[in-house]
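Down below is the structure, laid out as structure tokens.
No value in this document is a laboratory result; all are computed from the given coordinates. Note that the coordinates shown come from a computational prediction; the quantities given were computed from them, not determined experimentally. Ideal geometry is used to build each Cβ from the backbone, glycine not excepted, and the neighbour counts take in all protein chains shown.
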Amino acid sequence: MFPKLRIDDLEIEIPIIQGGMGVGISLSGLASAVANEGGVGVISAAGIGMLEPDFETNMRQANKKALIKEIERAREKTSGVIGVNILMALSDADELINVSINEGIDILFLGAGLPLKNYKSINGRNSKTKIVPIVSSSRAAKTLFNYWALNYKQIPDAVVVEGPLAGGHLGFKKDQLGNPDYTLEKILPKVISIIEPFREKFKKDIPVIAAGGIYTGKDIHKFLKLGAQAVQMATRFVATYECDASEEFKEMYLKCSKEDIVIIDSPVGLPGRAIKNEFLDEVSEGSKKPFKCLWKCLRTCDFRKAPYCIALALTNAKRGNLKEGFAFAGANAYRVDKIISVKELFDSLKSEYSLGTEESLQSSRIVN
């Protein structure tokens, strides 16, 4: 069946990583269910404290407290591999990274900015937590690995390559999203090529993980054949019973059409992929949603000019209030047609992967 994924000394039974989804879409419920099936379950730290009752009076502490709580809850439900996804654009990213490492999290996935600090070394000790940056280009991968190698004589433990079909905030310019030169199929081999010299120099395998638009087991088979050692998936996991989102949020996925999935201009200065709804229609027509910025949670957000608070909008959506929020989603969200369990999803992916393997073998026989 699936090949195992090894990140340094950490062995993962199935090479599927559940993507981190905020605000509050992937918490301990979803992460632990994925880990119990042999994949990597991931808690999203983005805006996690907004679910705490004291967030308005003690923002930074609320974020740390909520993250610790979710890590502990996940550990109570599984002995599998658990990760935390942290946006480098968060104002308290360093604090949340420290919390995750001190809590003994297995893997840190760091995106929305290059993690140039050496997060493997904390409080004077070398952490066992694996550091896995998320990049969208070979240029970003080269910059990051060169910087770590030069300054720390170390390199990250793996890297996620996220293509333009992903949901949420995207590491691409708008005009690149439909450009065939920027597909995951084109970007992935370039990143693998960039990473190869670092593998040789440090005598260390560095798994490259493909992400963005991967929907079926056949997709997984395709990207593993292209040289990835694992995949990251998010959209399929929203449509599971164990997903931490509200039922109303999941309904958005069930009801949306291909035309409903749109690219928006996020207040934080990045394009994003989301499901069109009344809230986004009003914003696109020039409506401003009044809000009070309690603190500048994202470094790139100009709250004085922002038409709405994205953290609040996403928190509202998580809670089921889609009139005051919206749902981020991957390009394939329209293909979701029912809610299933995480176990059923893994069983389906295994069957689809086997089919991809068999078709590949048959093609090879025909060619030979």
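Quick notes on this structure:
- Computed lengthening from residue 351 to residue 260, 0.36 nm per intervening residue step minus Cα-Cα distance: 29.8 nm
- Sorted by Cβ density within 10 Å, fewest first, the residues 233, 88: 88, 233
- Student exercise, the range 1-128 dipole from Lys, Arg, Asp, Glu Cβ charges, in Debye to nearest 20: 220
- A simple count of charges around residue 38, restricted to other residues whose Cβ falls under 13 Å of its Cβ and scoring Lys, Arg +1 and Asp, Glu -1, yields -1.
- Residue order, fewest to most surrounding Cβ atoms within 10 angstrom, among 183, 240: 183, 240
- P(r) weight above 22 Å for the range 102-261, C-alpha pairs, percent: 48
- Whole-Å distance, taken between Cα centres, linking the range 222-287 and the range 98-112: 24
- Maximal additional length on extending the residue 183-residue 73 stretch stands at 35.9 nm, based on 0.36 nm per residue less the C-alpha distance.
- In this Cβ point-charge picture (+1 for Lys and Arg, -1 for Asp and Glu), the range 22-75 has a dipole of about 140 debye about its Cα centre.
- One equal scatterer on each Cα of the chain, no solvent, Debye formula: the resulting log10 I(q)/I(0) at q = 0.09, 0.11, 0.13, 0.14 Å⁻¹ is -0.47, -0.72, -1.03, -1.22.
- Sorted by Cβ neighbour density within 10 Å, fewest at the top, the residues 279, 109: 279, 109
- Summing +1 for each Lys or Arg and -1 for each Asp or Glu among the other residues whose beta-carbon sits under 10 angstrom from that of residue 29 gives -1.
- As a length-normalised measure over Cα pairs under 8 Å and 6 or more apart, the relative contact order of the range 36-145 settles at 23 percent.
- CD proxy at 222 nm, helix term only [per DSSP H run n ≥ 4: -39500 (n - 2.57); per residue of the chain; nearest 500]: -11500 deg cm²/dmol
- Length-normalised contact order for the range 100-189 - Cα pairs under 8 Å, 6+ apart - percent: 25
- Added length on full extension, which subtracts the Cα-Cα distance from 0.36 nm per residue, residue 175 to residue 226: 15.8 nm
- Nitroxide proxy distance, nm - points 7 Å out along Cα→Cβ at residue 344 and residue 321: 3.1
- Screening the chain for whole DSSP H helices with an alpha carbon extent of at least 24 angstrom along the helix axis and a mean Kyte-Doolittle hydropathy of at least -0.5 yields 184-202, 342-367.
- Bridge orientation summary for the chain: considering DSSP beta bridges with both residues in this region, about 35 percent are antiparallel.
- Paramagnetic label zone (point 7 Å from Cα along Cα-to-C-beta, residue 204; backbone N under 20 Å) in the range 1-17: 5-12
- Partners of residue 142 within straight-line reach, counting aspartates and glutamates whose Cα lies under 13 Å from its Cα and excluding those fewer than 8 residues away in the same chain: 196.
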